[in-house]
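Input: a single structure, listed below in structure tokens.
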Amino acid sequence: MKRLLIYAAALVFIPACAQMPIARQDNATALSLGAKLIGAATPISDDDEIALGREVAANLLARFGHYDDYAVTRYVNLVGQTLERRAARRNIRYHFAILDSETVNAFAAPGGYIFVTKGALKLMADESELAAALAHEIAHVSSRHIAKEIQKANLVGAGADVVSMLAKDKAKSAALTGFSTDILFKGYSRKDEDEADRLACDYLETTGYDIAGFKNFLERLSSQKHDEPKLMVFFSTHPRPED
């Protein structure tokens, strides 16, 4: 993280998720409840996805806490903003924040809420490695991977007002939030991960970042002991670096 701080002085900060309400979900219960929401396979609108993303982001903040370092946070935001300009999906606002956890991971909640852990930042050697991690998470959001999983699972009935439901129906809100959070901790499909990697390389190349940063970070991860507690979540939710 010390190496990353070198770049922080001149960067612009955009607050990310600091005031979102905190909510906790039991994923098994949420998934069970989700089965009861079955209806027509209805696409999730941008507004729906953003509202859901706030709830998922609140869960992550409740679980890990927010790493409140102004200089590092504004630095992460500027790198993220540089990359998200290359994403195909430009009709939502992306938010970037740091989770106060020594685990090595990054998360992409629906609707543009992207997190990297303090532990991941410590492991990164330079800006190109940070850019690679953020680009991968931006790609998950831009490709609407969680929203598509919700649609495939038929968790939202035809004509449902998801924004209103999240605000007023605690059981259904818990089901959708739990389903989405569960994906973050159990992992995306291999197809979605491959797509995120491919798009991330495109974002890096078109913004002028060295794509070798992606390779370098993966090699650094691969050199770590895979059974270390701080790495176990990452390796349970992402393909092995050697793969």
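The values are calculated or read from the model by the stated rules, or taken from the named source; none is laboratory data. All figures in this text were calculated on a predicted structure; none of them were measured in a lab. Counting neighbours? That spans all protein chains shown, and the Cβs are built from the backbone with ideal geometry, glycine included. Note: accessible area is taken over every heavy atom of the protein model, side chains too, but ligands, DNA and RNA are not part of it. Shrake-Rupley method; radii C 1.70, N 1.55, O 1.52, S 1.80 Å.
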Sole exception among (1) on the phi < 0 side of the Ramachandran plot; (2) modelled with pLDDT under 95; (3) open to solvent by 10 Å² or more (accessible area, probe 1.4 Å) for Asn154, by number
(1)
Among the candidates Gly39, Gly53, Gly34, which residue alone is open to solvent by less than 60 Å² (accessible area, probe 1.4 Å), at pLDDT below 50 and assigned to a helix (DSSP H, G or I)?
Gly34
List pairs: first residue in the range 185-200 and among the small types (Gly, Ala, Ser) and surrounded by 19 or more Cβ atoms within 10 Å (Cβ to Cβ), second residue assigned to a helix (DSSP H, G or I) and modelled with pLDDT of 90 or more anywhere in the structure, Cβ distance under 7 angstrom, at least six positions apart or on different chains.
Ala196/His136; Ala196/Ala139; Ala196/His140; Ala200/Ala132; Ala200/Ala135; Ala200/His136; Ala200/Ala139
Over 15 Å from the mean Cα position of the chain (by Cα), closer than 28 Å to Leu176 by Cα and basic (Lys, Arg): which single residue out of Arg90, Arg85, Arg63, Arg74 fits that description?
Arg90
Select, from Leu218, Leu231, Leu176, the only residue that is open to solvent by less than 50 Å² (accessible area, probe 1.4 Å) and modelled with pLDDT of 75 or more.
Leu176
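Quick grid of which residues meet (1) without any contact (Cβ under 8 Å) to a residue 40 or more places away in the chain; (2) closer than 25 Å to Ala147 by Cβ; (3) open to solvent by 10 Å² or more (accessible area, probe 1.4 Å); (4) not small (Gly, Ala, Ser):
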| residue | (1), (2), (3), (4) |
| --- | --- |
| Ala97 | no, yes, no, no |
| Glu102 | no, no, yes, yes |
| Thr117 | no, yes, no, yes |
| Ala131 | no, yes, no, no |
Quick one: would you say Ile138 is modelled with pLDDT of 95 or more and within 20 Å of Tyr70 (Cβ to Cβ)?
no
Is it the case that the range 78-88 has a residue that's in contact with a strand residue (DSSP E or B) (Cβ under 6 Å, 6 or more places away or on another chain), surrounded by 18 or more Cβ atoms within 10 Å (Cβ to Cβ) and either charged (D, E, K, R) or not in a loop (DSSP other than H, G, I, E, B) (or both)?
yes
